[in-house]
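Q: To start, I am sharing the structure in question, which I have written as structure tokens.
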Amino acid sequence: MRVLLVEDNEPIGRDISAALTASGYVVEWVREGEDAWFKGGTENYAAAVLDLGLPGLDGLSVLKRWRQEARDLPVLILTARGTWSERVEGIDAGADDYLPKPFQMEELLARLRAITRRAAGQSSALMQVGDLALDTRQMRVSLNGTQLNLSPQEYRLVSYFIHHAGRVIPQMELTEHLYAQDYERESNSIEVLVGRVRRKLGGDLIETRRGFGYTLKMPERTP
Ligand code: CA
């Protein structure tokens, strides 16, 4: 999943970026409010981690603009310690959660997982679609209780499908969320990846909608 990181502090930004990458996210890091507003308003992200203290346009204004423009991406704001009024303002402006600085990276990751899950309509760390289960903490996928042996890239793909189960996902969207760099975006690499994952999942869980994209089939009846 692709995450927008907005942080002007280099060391903190580097730490967060590294932790997100290690957790399987594709990270786009911007350092200024104007850039953040533009990126978040025009591109597709699973979530944003937004520092409020930014040069130029501050984080709160960025958030307000996104919400005014009906951009509903989940947003985790980073606030300075002890500024409770900032947190209240942030939540009122449409933040999904907040984290006061300094924080433990584990907590940031947990909160990010929670807001992306909630956006997908699931509240447990274990997400379930039919016989497929995704453990977002352990980064594992199981099918009928049997754990699947997936590469990091395959895991990201399955995770994205589970977060968007039942929706037709254009190939371009998968490419954006799975690959950080343009050079990784070989035109047929998504097809190859989907083919590999499909074999590991077995059956016909992932459907190809020719000309539209792919969809992870929802079970006939959710138990
Ligand atoms: Ca800052």
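Q: What distance in nm separates the two pseudo spin-label positions at residue 97 and residue 199, each 7 Å out from Cα along the beta-carbon direction?
A: For residue 97 paired with residue 199, the spin-label model returns 3.7 nm.
Q: Taking Cα pairs under 8 Å and at least six residues apart, what relative contact order does the chain come out at, in percent?
A: Taking the mean separation of contacting Cα pairs over the length of the chain, I get 15 percent.
Q: Counting Lys and Arg as +1 and Asp and Glu as -1, what is the net charge of the other residues whose Cβ lies under 10 Å from the Cβ of residue 103?
A: Its environment carries a net charge of +1.
Q: Right, next: Add +1 for every Lys or Arg and -1 for every Asp or Glu among the other residues with Cβ under 11 Å from the Cβ of residue 136, and state the total.
A: After counting each charged neighbour, the total is +3.
Q: I want the antiparallel fraction of DSSP beta bridges within the chain, as a percent rounded to 5. Walk me through the numbers on the way to the answer.
A: Working: 15 of 32 bridges.
Antiparallel bridges: around 45 percent, rounded to the nearest 5.
Q: Where a ≥ b ≥ c are the square roots of the eigenvalues of the C-alpha gyration tensor, would you call region 1-54 rounded, which needs a/c under 1.5, or, failing that, prolate if a/b is larger than b/c, or oblate?
A: Oblate.
Q: Given labels modelled 7 Å from the Cα in the Cβ direction, how far is it in nm from residue 15 to residue 207?
A: Between residue 15 and residue 207, the simple spin-label model gives 4.6 nm.
Q: A further question follows. Rounded if a/c is under 1.5, else prolate if a/b is larger than b/c, else oblate: which is region 3-121, with a ≥ b ≥ c the root eigenvalues of its Cα gyration tensor? Could the numbers behind the result be given before it?
A: On the way: a/c = 1.18, a/b = 1.09, b/c = 1.09.
Rounded.
Q: Hey, rough spin-label estimate for residue 124 and residue 43, points 7 angstrom out along Cα→Cβ, what's it come to in nanometres?
A: 3.5
Q: Can you put 191, 28, 106 in order, fewest other beta carbons within 10 Å first? Intermediate values should be presented prior to the final figure.
A: Details: 191 14, 28 20, 106 9.
Least crowded to most crowded, the residues run 106, 191, 28.
Q: How large are Rg and Dmax for region 43-92 when only the alpha carbon atoms are used, in Å?
A: So, for region 43-92, Rg and Dmax equal 10.8, 33 Å respectively.
Q: If the reach is capped at under 22 angstrom between alpha carbons, list the lysines near residue 200, excluding any in the same chain fewer than eight residues apart.
A: 217
Q: With springs only between Cα atoms under 10 Å apart, run a GNM on the chain and tell me which of 202, 213, 33 wobbles the most.
A: Result: 202 has the largest fluctuation of those listed.
Q: Suppose a student asked you for the relative contact order of region 75-186, using Cα pairs under 8 Å spaced at least 6 residues apart; what percent would you report?
A: 15 percent.
Q: Here's something else I'd like to know. Quick one: length gained pulling residue 84 to residue 70 fully straight, 0.36 nm per residue minus the C-alpha distance? Don't jump to the answer; show the numbers that get you there.
A: Numbers: separation 14, 0.36 × 14 = 5.04 nm, distance 2.59 nm.
Here the segment from residue 84 to residue 70 would lengthen by 2.5 nm.
Q: Now for a different question. Using the alpha carbon gyration tensor of region 92-208, what are the three equivalent-ellipsoid semi-axes (square root of 5 times each eigenvalue), largest first, in whole Å? Don't skip to the answer; put the middle values down first.
A: Working: eigenvalues 135, 67, 38 Å².
In descending order, the three semi-axes are 26, 18, 14 Å.
Q: According to the Kirkwood expression over distinct Cα-Cα pairs, how big is the hydrodynamic radius of the chain, in Å?
A: Every distinct Cα pair counted, the radius reaches 18.2 Å.
Since every read-out is calculated from the coordinates, none of them should be taken as a lab result. Just so it is clear, the structure is predicted and the values come from calculations on it, not from any experiment. When we count neighbours, we look across all protein chains shown, and the Cβ atoms used for this are built from the backbone with ideal geometry, even at glycine.
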